[in-house]
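The values are calculated or read from the model by the stated rules, or taken from the named source; none is laboratory data. All values reported here derive from a predicted model rather than from experimental measurement. Neighbour counts are summed over all protein chains in view; Cβ atoms, including those assigned to glycine, are modelled from backbone coordinates with ideal geometry. Keep in mind that these areas ignore ligands, DNA and RNA; they rest on the heavy atoms of the full protein, side chains included. Shrake-Rupley method; radii C 1.70, N 1.55, O 1.52, S 1.80 Å.
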Amino acid sequence: MNNVLFKNITRFIILMLIQVLVLNNMNLGGYLNPYIYILFILLLPANINRSFLLILAFGTGLTVDYFGNTLGLHAAACVVIAFMRPGTINLFFRNYEFNGNEEPGPSSIGYRGFLKYAISLMFIHQLILFYFEVFSFSNFFFTLSKVLLSTVLSVILIMIAVLLTGKRKKK
Amino acid sequence: MRNLFALLWKNQFFVLFILLISISLYLLSRSYSYHGSIAHNTTSDISGSVFSTYGNITDYLSLKVDNDVLADENAMLKNMLSSSFLQTDTQYIYRDSLYRYIPVKIVSNSVSKRNNFMLVNKGSKHGIKKEMGVISTLGVAGVVVGVSEHYSTIMSMLHQNMRISARIKNSGQLVNVIWDKTDYLYGTVIDIPSHIRLNQGDTIITSGNSLIFPEGIIIGLIESHKIDSNKNLSKATMRYITDFNSIKHLFIIENLMKMEQDSLISQIENIDE
């Protein structure tokens, strides 16, 4: 149990530092900002108490908001994906039995499964993030293109992170 | 009552979701207006010190460029020295100083979001207050919206609530500058009277009407002007003189007469009532 707690706290701090200090300063193509901190929410144990998951996601979102001066924006997006996470896991991995504190990562559900899972939640997160930021549908398709590109970029980054850290776990 | 609690407890996941999303949306809703973003800003010494520690490390990478910028500015200031002018009797007029400039350094900046802010390394301890104007070495950069003891947050020109009173330099006409673009290089000049034709390269300067910026600071240069004959007022695209992606050093402007001007304005408002 303590091992899981320690792992998640370390992951939270590292991802947050990368997000706030490096990725928030990146603008690919002028306006694209990849988001890697979602990986923390994605990789929380699959059998975690659902209400606790919501609170953790809210806290994660607020932390990013605090450093980015966007109070409430990331918090809202994170709470929504935390709300949808149990259903998404159920939808994609109904046949897989998660035991104990197993996380829904590539080690349990495979890289293809994890990719599907990451893309769907990432897309929802970006959708909420960009439309709430603009708060209008006036440039609907422009915003949508931002959502799609940013999702692709973030998922690529998340997969790279997972591949790099996954190697160490192999026995 | 008991049944109600039992019901809520049973659906705690959903209830909690509604509660948390409401809090987020409430926090978010305050940022949709200019005054809301000024009143509720999360500037703090904690986020400031994280960013400035990081800045201390990365600053070395751009020392060369910074030196060039400072050298350019030194040259510009030398040109303004009295020794650089031909001495005539009417050259010097005694003027009470109206503005004070506080040099600051950016510790965190963004240009890619819909609403962009800059965090700088001085705060209330150095005399910075909310709603002070901010300029770069070239031109207008933003307005202070949040202040902590050692840091302050600046709403950059690249913010949807930003609206600056401006003037067309060669005709003196009053216009407004906003940012409704997604490109950090360009802003929009609105409220241009219909008889005015702007050419590429025309200068847009601050009007001095807002009490925040002194008059005559450059905001940008006109890129293109589209005239709509059906409307009284037209719009033009303007290229900011400040490159928001590369700025490092800023000056915060303290208006030394602001108190006096404010009290005068409130007197007028009292008469109106």
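Numbers for the structure displayed
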read-out: Value of relative contact order over chain A, rounded to a whole percent, pairs C-alpha under 8 Å and six or more apart; value: 23 percent
read-out: Solvent-accessible area of residue B:221 with every protein chain in place, 1.4 Å probe, in Å² to the nearest 10; value: 70 Å²
read-out: Among B:103, B:154, A:115 the positive-end extreme of the charge dipole of the protein assembly as shown (Cβ point charges); value: A:115
read-out: Of B:224, B:263, B:112, the one that fluctuates the most in a GNM where chain B has Cα springs shorter than 10 Å; value: B:263
read-out: Cβ-derived FRET efficiency at R0 41 Å, residue B:64 paired with residue B:190, nearest 0.05; value: 0.55
read-out: GNM result for chain B, Cα springs below 10 Å: residue of B:250, B:27, B:19 fluctuating most strongly; value: B:19
read-out: For chain B, built as a Gaussian network whose Cα springs stay under 10 Å, the top-fluctuating residue of B:233, B:25, B:138; value: B:25
read-out: Sequence of A:141, B:117 from largest to smallest accessible area, 1.4 Å probe; value: A:141, B:117
read-out: Long pairs among B:113/B:235; A:146/B:10; B:129/B:248; B:169/B:258, criterion Cα-Cα beyond 28 Å; value: A:146/B:10
